[in-house]
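The values are calculated or read from the model by the stated rules, or taken from the named source; none is laboratory data. Computed from a predicted model, the values in this text were never measured in an experiment. Neighbour counts run over all protein chains shown; Cβ positions are idealised from the backbone, glycine included.
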Amino acid sequence: MNKPRHILGISGGKDSAALAIYLNDTYPHFNFEYYFCDTGKELDETYQLVSNLESYLGKTIKKLDNPEIESTGDDPFDFYYKSFRGYLPSPQARWCTALMKLKPFEKFVNGEPTVSYVGIRGDEEREGYISRENNIQSIFPFRKNIWSNDVMTKFFHPENQKAVLDFFQNYHKGTNLDRIFSILEEPITFDKNFKAETEKILKRKVNSALDLGIPEFNRTVFDFLQTTDYALALEEDYALLDNEDVLVREDIFRILRESGVGVPEYYEKIEFEVDGKKGEYARSRSGCYFCFFQQKIEWVWLYEQHPALFEKAMTYENEDELFTWMANETLKELIQPQRIKEIKLGHIQRSNKKESKSSPYLLDILEGTERDGCNTCFL
Ligand code: SF4
């Protein structure tokens, strides 16, 4: 029986880089394959991070090239940008992710049973990209719940509860088993009309079962998976089942610093002053320098810290045909001195409000407002 492949995509962001280091150090016997989808429009720091990681891991991070594109002399973004006749991608028409990230990824996997590792942290409330291909199974090692939503949906589906209870009996006895019984008994419907309610109940079930023991829960899920066609059904055992680590933002920065791989410079906060008020800005994520998911304050950061890249981003805008990076403002408008001042003051105000309530990190503040960005590019 063929074993599944174990792969990890390096986006150029801090979380996937830290995940590569963490998995390499914790599970040295695994044969992880690493890959990177280069859009040709990353910041230099991203390329540096990939190169530092390669040195640390002692392995090549496979760049998913497309010879057809390479032969044109264009980088992937420009190639597709031209084929779309200048139509820029946007949150509503995200052709960039589909063509430059997901398509090469699925080609790389090539239909083989594959476990794909995703760096969503234990302090984040979101799901990562789950492939629609049945052969690809996602695992989230930084979270308490390492399983993807599609696996949990099957696991807690009413039609599987009898089998699941039998598996649980191998790991729980007495009052814990009674508790499992009541968790499984709580009604849940997967009717699309009750999506929000379903998610709430599913989350409650998962957390309650995890609270009774992470390895016990993981082993039960693993036993259940053996009855499915998920990639992990091809493994006889799986080392991550006993892993109880939950890694949060501070751990990510620590791993990057302690390993010597380093934190990409664009995450470092830079101070600015406007009208006597002090603020800080940075870039919150990896990805293309002109990414339409970035905040206005990040555009200002790009303009002031990487003016040449900002200018390049401007060349893609075609105001006549309304192909602009932002829906309500062109880059030319954004860099008017009065507008920059406005954006900075607004940012200081929002930061102060959020800082008083929650995390002191600027990155949290930026990410908190853009939580649904492009996981594929930013992790
Ligand atoms: S970083 Fe932004 S622009 Fe680049 S591929 Fe991802 S979503 Fe598209």
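Some notes on this structure:
- All of R339, R257 fail the test of being at pLDDT 95 or above, assigned to a helix (DSSP H, G or I) and under 26 Å from A18 (Cα atoms), apart from R257.
- Some residue of segment 266-278 being surrounded by 19 or more Cβ atoms within 10 Å (Cβ to Cβ) and closer than 16 Å to K41 by Cα: yes
- Residue ID - farthest from the ligand (Cβ to nearest atom), chosen from residues in segment 301-329 that are of a type in the set (G, A, S) and within 25 Å of the chain's Cα centre (by Cα): A327
- So E250, is it outside the structural domain of I139 (by TED's automatic domain parsing) and farther than 29 Å from T114 by Cα: no
- Applying the criterion of at least 2 residues that are under 26 Å from D242 (Cα atoms) and not small (G, A, S) to the helices (runs of 4 or more DSSP H) found wholly in segment 71-184 leaves 149-155, 161-168.
- Flag for V248 being within 19 Å of the chain's Cα centre (by Cα) and more than 16 Å from the ligand (Cβ to nearest atom): yes
- Flag if S284 is farther than 26 Å from D15 by Cβ, modelled with pLDDT under 95 and not assigned by TED's automatic domain parsing to the domain that holds E54: no
- Against the conditions (1) among the hydrophobic types (A, V, I, L, M, F, W, C); (2) without any contact (Cβ under 8 Å) to a residue 24 or more places away in the chain; (3) in the same structural domain as N52 (by TED's automatic domain parsing), L177 satisfies every one except (3).
Residue by residue, here is whether (1) within 16 Å of the ligand (Cβ to nearest atom); (2) modelled with pLDDT of 95 or more holds:
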{"position": "Y87", "(1), (2)": "yes, no"}
{"position": "P104", "(1), (2)": "yes, no"}
{"position": "E127", "(1), (2)": "no, no"}
{"position": "M152", "(1), (2)": "no, yes"}
{"position": "N160", "(1), (2)": "no, yes"}
{"position": "A163", "(1), (2)": "no, yes"}
{"position": "D166", "(1), (2)": "no, yes"}
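- Residue satisfying condition, being in a helix (DSSP H, G or I), out of contact with any Pro (no Cβ under 6 Å at 6 or more places or on another chain) and either in the same structural domain as E311 (by TED's automatic domain parsing) or away from the ligand (no atom under 15 Å from the Cβ) (or both), within set Y47, Y34, Y56: Y56
- Selection within segment 275-300 - among the charged types (D, E, K, R), in a helix (DSSP H, G or I) and more than 12 Å from the ligand (Cβ to nearest atom): K296
- Check on E112, at pLDDT 95 or above, of a type in the set (D, E, K, R) and more than 15 Å from the ligand (Cβ to nearest atom): yes
- Residue within segment 184-207 that is under 30 Å from D25 (Cα atoms) and surrounded by 18 or more Cβ atoms within 10 Å (Cβ to Cβ) present: yes
Rundown of residues vs (1) within 22 Å of E185 (Cβ to Cβ); (2) among the hydrophobic types (A, V, I, L, M, F, W, C), yes/no style:
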site: S208; (1), (2): yes, no
site: T227; (1), (2): yes, no
site: L234; (1), (2): no, yes
site: L240; (1), (2): no, yes
site: I255; (1), (2): no, yes
site: R283; (1), (2): no, no
